[in-house]
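Take a look at the structure below.
The values are calculated or read from the model by the stated rules, or taken from the named source; none is laboratory data. Computed from a predicted structure; not experimentally measured. Counting neighbours? That spans all protein chains shown, and the Cβs are built from the backbone with ideal geometry, glycine included.
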Amino acid sequence: MRYQVSGIHIDIGDALREHVETELGEAVRKYAERPIDANVIFSKDATEFVCEATIHLSTGLTTQAKGRAFDIYESFDKCREKIEKQMRRYKRRLKDHHKDRASPVEFLSAASYILAGSESDEEEHEPDSLQPIIVAEMKTQIKSLSVGEAVMQMELVGAPVLVFKNERNKGLNVVYRREDGNIGWIDPSDSH
């Protein structure tokens, strides 16, 4: 597995880098076959250290976690524990995933936009235009997954919503976490 360990305004020493590679490698290999790469970023938020990790698996799935603590090693350990918990939950499916899938996950490119929100302290007023203000524009990848894989991917990255291309009907679908704790699934092709 390839590791990229870096810090934002923090100097990452060899001891921390070795600790991350050893501990994360053991944790990931325990639950998933053929991990491809791991990107671990350390930063400082006021008095706390923040560790964010993203792990890409050979199946095309990704897992992400974040840990915060006053000690940099402890922030990594909290992040690793979250990744282990996510992967332990899906261990059987992660191990068997490549047996059911004949080809790797396909990706579809799409534009992704961040729109400016309204100021909360301003009075609600009628906008001059119905065109939203675009703060950022970037490219994103939409994965071709089954509904079960989409739910698993959404939970592995801790996202509230996931847009994916449904392998069954080739249409764009959405899975999302509902307020009642259940998972919602929007499939426009099944509408009557």
> Of the conditions (1) surrounded by 16 or more Cβ atoms within 10 Å (Cβ to Cβ); (2) touching a helix residue (DSSP H, G or I) at 6+ places or on another chain (Cβ under 9 Å), K30 fails just one. Which one is it?
Replying inline: (1)
> A53 fails exactly one of the following numbered conditions: (1) in contact with a Gly (Cβ under 7 Å, 6 or more places away or on another chain); (2) within 25 Å of A150 (Cα to Cα). What is the number of that condition?
Replying inline: (1)
> Among the residues of segment 118-171 satisfying the criterion of being within 13 Å of G60 (Cβ to Cβ), of a type in the set (S, T, N, Q) and at pLDDT 85 or above, which is surrounded by the most Cβ atoms within 10 Å (Cβ to Cβ)?
Replying inline: Q153
> Given the structure, is V174 loosely packed, with under 15 Cβ neighbours inside 10 Å and not assigned by TED's automatic domain parsing to the domain that holds I83?
Replying inline: no
>> Going residue by residue through segment 16-24, is there one that turns out to be charged (D, E, K, R), outside any helix (DSSP H, G or I) and closer than 18 Å to R88 by Cβ?
In response: no
> Does segment 25-49 hold any residues that are in a loop (DSSP other than H, G, I, E, B) and either closer than 20 Å to Q86 by Cβ or β-branched (V, I, T) (or both), and which are they?
Replying inline: A32, E33, R34, T47
